[in-house]
Amino acid sequence: MKENKELAKGTVSFREVVAQGIGGAAPAMASLVTLTGAAAYAYASLPLAVIIATLGVLLDATRLSITSRYVQSAGGIYAFISAGLGRTIGYFIGWAYVLYTLTALVFIYLSVGVFLPGALQALGVSTPSWLWIPLVIIVALFGGVLSYLGVRPSLRFTLTMSILEIVFILVTSFLIFTKVPPDPTTFTFKYASPFNVGVGMAFIFLAFAGYETTSVLGEEAKDPKNTISKGVFTAALLVGITYLVASEAFVVGWGVNNMSSFFTELVPGIILGVKYGGIALGIILTILLINSGLTDSVTFFNTVSRVVFAMARDGVLDKRLYDIHETNKTPHKAILFSFIFSLAYTLIFSLIIGPENVFLSVGITTTFGFLIALFTANISLLFILRKNNSLSIWNILLTIAINSILLFVVFANIVTTSVNVYVLIGVVSFIVWMIAGAIYRVATNKKVTEI
């Protein structure tokens, strides 16, 4: 009897596709915590930076939408690139994308492990220094197990929790607006120069990372040509709206002239929650922060396992990773590999250099993988369209526009990143991974030739 190694085809709805994209971006965590990086440059012009970043991401979502009409695969970005630029380039960028998704899991674990104690401290609760260890393990186990149990259970959870994230962030924002009205000048360059707003935009663009993970559901979505193409754009739009409302509320709530202290806080969003909604709202937002990490973990386990599964199916990774659980219809061996690698990476390196420093280093690593994958996928689209006799000047201009934005994001990260040993660890980790990928590719190609 032929072994069935197919995913659960036609089981994922449009809403669940959107949930995958929203969960990947983790809007609650970004709004409450990580937008501080952008505020360090844009100050009270943060909402303007959010608008610009959202427009850039929506352009990229348009490219993903177009590509997904021609390619539907569990490989997602890897498959998009392979279809346009060939298996070799697809392998190397796919290899980089796998590192991005694996280190994104590390980033997610430590987001909870590092920021939750800070949130508890804002609520007046002291925590032991080792608390990050059980938190990291819990987040990893939760995401890995739920992803293993099936695409529908994992996405139903993600859908529910993503809705809660957006609702509570918007409710908190409107609560602040009832006490401090929006300020139109935050949508101008009054508080920061155009360059600084641009740098802020670059950081916000990275806060959308994960919305593109909808692409890995190409084999499991109902009517994937339409579901994926519409889902990726919808997810990016909803995340952008959430960031925009939250950034405006947090800026005016903090004080447009006091933003120099906003980005010095570990969890400014929760501090604002306590200020405007009392300790009860602070507790709710802290729970939301945990929930955002759990949801993000599920999303990225779904993503990395399917990309690894697709690459193994194509013969560019170990064939043993090309396997489907008989009952759950999930790539369980790829999930197990992702769980072991990401958790071991987190625990070992955090015990050596500290979780905060690992958080910084993997932030650099994920940035490389994410931006390189998007940049190459944009170019690949042109070749896919040419093969299908659909290439137009609009598509060329779209690619130039998006890749120009991506290059500026790279530039902004280079000029604003203080070089230290932990940043270098992040860079070296990426380089070592790519060298290892090249060695593996040569070795496996040689083995295939000898056979």
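Some observations on this one:
- Close pairs from the stretch 107-135: first over 16 Å from Ser297 (Cα atoms), partner among the polar types (S, T, N, Q) and assigned to a loop (DSSP other than H, G, I, E, B), Cβ under 6 Å, at least 6 apart: Pro117/Thr127; Leu120/Thr127
- Close pairs from the stretch 426-437: first farther than 13 Å from Thr103 by Cβ, partner open to solvent by less than 80 Å² (accessible area, probe 1.4 Å) and of a type in the set (Ser, Thr, Tyr), Cβ under 8 Å, at least 6 apart: Gly437/Tyr91
- Qualifying residue in the stretch 45-62 (condition: farther than 30 Å from Pro268 by Cβ, in contact with a Leu (Cβ under 7 Å, 6 or more places away or on another chain), assigned to a helix (DSSP H, G or I) and hydrophobic (A, V, I, L, M, F, W, C)): no
- Residue that is in a helix (DSSP H, G or I), at pLDDT below 95 and either hydrophobic (A, V, I, L, M, F, W, C) or out of contact with any helix residue (DSSP H, G or I) (no Cβ under 8 Å at 6 or more places or on another chain) (or both), where the choices are Phe174, Phe233: Phe233
- Residues within the stretch 105-117 that are open to solvent by 10 Å² or more (accessible area, probe 1.4 Å) and not aromatic (Phe, Trp, Tyr), tallied: 3
- Among the candidates Phe203, Phe208, residue that is open to solvent by 40 Å² or more (accessible area, probe 1.4 Å) and either at pLDDT below 95 or more than 27 Å from Ile287 (Cβ to Cβ) (or both): Phe203
- Taking the criterion of being more than 21 Å from Gly437 (Cβ to Cβ) and either in a loop (DSSP other than H, G, I, E, B) or more than 23 Å from the chain's Cα centre (by Cα) (or both), the residues of the stretch 287-335 that qualify are Asp323, Ile324, His325, Glu326, Thr327, Asn328, Lys329, Thr330.
- Looking across Tyr148, Tyr91, one residue alone is farther than 14 Å from Asp296 by Cα, part of a helix (DSSP H, G or I), among the aromatic types (Phe, Trp, Tyr) and open to solvent by less than 10 Å² (accessible area, probe 1.4 Å). It is Tyr91.
- Residues of the stretch 26-50 satisfying the condition of being in contact with a Phe, Trp or Tyr (Cβ under 7 Å, 6 or more places away or on another chain) and open to solvent by 10 Å² or more (accessible area, probe 1.4 Å): Thr36, Gly37, Ala40, Tyr43, Leu48
- Qualifying residue in the stretch 339-348 (condition: aliphatic (A, V, I, L, M), in contact with a helix residue (DSSP H, G or I) (Cβ under 6 Å, 6 or more places away or on another chain) and in contact (Cβ under 8 Å) with a residue 40 or more places away in the chain): yes
- Residues in the stretch 251-275 that are open to solvent by 30 Å² or more (accessible area, probe 1.4 Å) and not hydrophobic (A, V, I, L, M, F, W, C) were compared, and the one that is farthest from the chain's Cα centre (by Cα) is Asn257.
- The one condition from (1) within 18 Å of Ala209 (Cβ to Cβ); (2) touching a helix residue (DSSP H, G or I) at 6+ places or on another chain (Cβ under 8 Å); (3) at pLDDT below 95 that Leu398 does not meet is (1).
- Scanning the stretch 347-390 for residues that are open to solvent by 10 Å² or more (accessible area, probe 1.4 Å), more than 30 Å from Trp130 (Cα to Cα) and among the hydroxyl-bearing types (Ser, Thr, Tyr) gives Thr376, Ser390.
So that you can scan it fast, the table gives a plain yes or no per residue for (1) on the phi < 0 side of the Ramachandran plot; (2) open to solvent by less than 10 Å² (accessible area, probe 1.4 Å); (3) in a loop (DSSP other than H, G, I, E, B):
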position: Thr214; (1), (2), (3): yes, yes, no
position: Glu219; (1), (2), (3): yes, no, yes
position: Ile241; (1), (2), (3): yes, no, no
position: Leu244; (1), (2), (3): yes, no, no
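The values are calculated or read from the model by the stated rules, or taken from the named source; none is laboratory data. All of these numbers come straight from a predicted model, not from anything done at the bench. Reconstructed Cβ throughout: ideal geometry from the backbone, glycine too, with neighbour counts over all protein chains shown. Please note that ligands, DNA and RNA were not included when accessible areas were found on the heavy atoms of the full protein model with its side chains. Shrake-Rupley method; radii C 1.70, N 1.55, O 1.52, S 1.80 Å.
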